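Data first, discussion second: the structure below is written as structure tokens.
The values are calculated or read from the model by the stated rules, or taken from the named source; none is laboratory data. The structure presented is a predicted model; accordingly, all values stated were derived computationally and were not measured. Methodologically, a virtual Cβ is constructed for each residue, glycine included, from the backbone with ideal geometry; neighbour enumeration extends over all protein chains shown. SASA here: full protein model, heavy atoms, side chains in, ligands and nucleic acids out. Shrake-Rupley method; radii C 1.70, N 1.55, O 1.52, S 1.80 Å.
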Amino acid sequence: MSNRWQVQTARARFSELLEKAVAEGPQIVTRRGVEMAVVVSMRQWETLQRTIRPNLKELLLAPAPRVESLAPARRPLARRPPPRFE
């Protein structure tokens with residue numbers, strides 16, 4: 001079987017789905033042909049979490065500066081129309 005599972009099959013064979021996620025990598029769950037979820041092993045999940053959101057120690061020890069993740073993106077300013085003096 002490939003790494004794609006329909007919801008009904010994933011529900012009926014959940015333990016096999018988990019075993020394949022650990023042994024073979026991410027498993028995709030689909031509903032009516034549309035990809036809905038991915039089941040990954042805990043080791044892969046922790047690796048993804050570290051790469052997405054590094055802790056302070058990893059930021060300070062990184063060889064390149066990583067300032068893009070320190071501050072959230074700013075929203076565009078909402079400006080009021082200028083006052084009308086008549």
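State whether the residues of segment 28-46 include one that is more than 19 Å from the chain's Cα centre (by Cα), part of a strand (DSSP E or B) and among the polar types (S, T, N, Q).
No, there is no match, as no residue in segment 28-46 is more than 19 Å from the chain's Cα centre (by Cα), part of a strand (DSSP E or B) and among the polar types (S, T, N, Q).
Given the options R75, R11, R84, name the one that is surrounded by 11 or more Cβ atoms within 10 Å (Cβ to Cβ) and basic (K, R).
So the residue among R75, R11, R84 that is surrounded by 11 or more Cβ atoms within 10 Å (Cβ to Cβ) and basic (K, R) is R11.
With the structure loaded, tell me whether K20 is in contact with a strand residue (DSSP E or B) (Cβ under 9 Å, 6 or more places away or on another chain) and either assigned to a helix (DSSP H, G or I) or over 30 Å from T9 (Cβ atoms) (or both) or whether it fails that test.
yes
Take the residues in segment 3-31 that are free of Cβ contacts under 8 Å to residues at least 24 places away in the same chain and among the hydroxyl-bearing types (S, T, Y); name whichever of them is farthest from A71 (Cα to Cα).
Among residues in segment 3-31 that are free of Cβ contacts under 8 Å to residues at least 24 places away in the same chain and among the hydroxyl-bearing types (S, T, Y), the one farthest from A71 (Cα to Cα) is T9.
Output the qualifying pairs, or none if there are none: Cβ atoms under 9 angstrom, residues six or more apart or on different chains, first residue in segment 32-48 and closer than 17 Å to K20 by Cβ and open to solvent by 80 Å² or more (accessible area, probe 1.4 Å), second residue charged (D, E, K, R) and not in a helix (DSSP H, G or I).
E35/R4
Quick check: is even one residue across segment 50-58 at pLDDT below 90, part of a helix (DSSP H, G or I), exposed (fewer than 13 other Cβ atoms within 10 Å of the Cβ) and aliphatic (A, V, I, L, M)? Walk me through how you get there before you give the answer.
Looking only at segment 50-58, we keep the residues that are at pLDDT below 90, and these are 50-58.
Next, only the ones that are part of a helix (DSSP H, G or I) stay: 50-52, 56-58.
Going one step further and asking which of them are exposed (fewer than 13 other Cβ atoms within 10 Å of the Cβ), we end up with 50-52, 56-58.
Add one more test, that the residue is aliphatic (A, V, I, L, M), and what stays is 52, 56.
Yes, because at least one residue in segment 50-58 is at pLDDT below 90, part of a helix (DSSP H, G or I), exposed (fewer than 13 other Cβ atoms within 10 Å of the Cβ) and aliphatic (A, V, I, L, M).
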